[in-house]
Amino acid sequence: ESSPPVWIAATERRQAADRIMACWRQNLRGAQAVESASGGYILDLSDNPLGNLPALPADFAHIGALNLNNVYLREEGLSDFLGAFTHVHTLALNANALSALPESVTSLHSLKRLSAVNNRFSNAPQLQRQLAGLSNLESLNLAENWLESLDVSPLTRLQALDLSSNRLVILPQGALQLPSLSALDLRDNMIESIPTILMDDEHRVLRAGTNLAGNETMDSASLLMVRDQVLEGEEIVGWRPEEIDEALERFGRSSDSFDDSDSDD
């Protein structure tokens, strides 16, 4: 878009500049560069519509967490701005109407937690290219976007993946092969089937941390498979036994209706 979708107030830009200056002064006082996921200072500019931010010539390597939620930065300007934060381990870009990650994110090799909820990501190949170099990523939250698929196989250290409220029709490619993945949130998509290997004993930890609730497009074979595994009073991949039974009944009614239509013909 040629302009931000909201009014940009000079007072909010002034407040952001003051926070950035305060962070810079922390470094002048000898703040240590980030060395671990728990280290570093936090710069939070969230909830202030800012438009573009400039590239920063100063050193902000001591900043460990950068929160830029709901600031409506354009991707190009945001990319230049991020270039100064070379050691961030946590980056939040929620609710910014972004269609892609800023390109400079690909050079944030210390990044362990990335959240970009409620944006407009739909180009899976572009996003996969941007994510591929983030080999230290442990948590990725891309909920409430427009993704129909995503290959996460390069993210070998990933422990938690949230792709809820997208448009996925299949499980994210490579997810079942990630050695450390234990939390997989896929609620409210359009996933049609569950791979049978998810029921294998080797995937019991991931299966316990997987949530597929709200995928009303699930096929009957997958529903029968999980119904066969779930115990009464418990749930499996976010489905309770009674919910599975109701979904199977809907399949039965739909099948009966189709058969009646055939006989009428």
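A few remarks follow.
- Taken over the stretch 31-55, residues that are at pLDDT 85 or above and aliphatic (A, V, I, L, M) amount to 3.
- Scanning the stretch 54-77 finds one or more residues that are touching a helix residue (DSSP H, G or I) at 6+ places or on another chain (Cβ under 9 Å), part of a strand (DSSP E or B) and over 19 Å from V117 (Cα atoms).
- Subset of the stretch 59-74 (residues that are modelled with pLDDT under 80 and open to solvent by less than 50 Å² (accessible area, probe 1.4 Å)): L73
- Options V105, V71, V88; residue that is of a type in the set (V, I, T) and farther than 27 Å from R187 by Cα: V88
- Qualifying residues in the stretch 102-123 (those that are of a type outside the set (V, I, T) and not in a loop (DSSP other than H, G, I, E, B)) - the one nearest to the chain's Cα centre (by Cα): S115
- Some residue of the stretch 92-101 being surrounded by fewer than 24 Cβ atoms within 10 Å (Cβ to Cβ), within 18 Å of C23 (Cβ to Cβ) and over 19 Å from the mean Cα position of the chain (by Cα): no
- Scanning the stretch 129-138 turns up at least one residue that is open to solvent by 50 Å² or more (accessible area, probe 1.4 Å), touching a Pro at 6+ places or on another chain (Cβ under 8 Å) and of a type outside the set (V, I, T).
The values are calculated or read from the model by the stated rules, or taken from the named source; none is laboratory data. Every value quoted in this text rests on a predicted model; they were computed, and no experiment measured them. Counting neighbours? That spans all protein chains shown, and the Cβs are built from the backbone with ideal geometry, glycine included. Heavy atoms of the whole protein, side chains included, go into the accessibility calculation; ligands, DNA and RNA do not. Shrake-Rupley method; radii C 1.70, N 1.55, O 1.52, S 1.80 Å.
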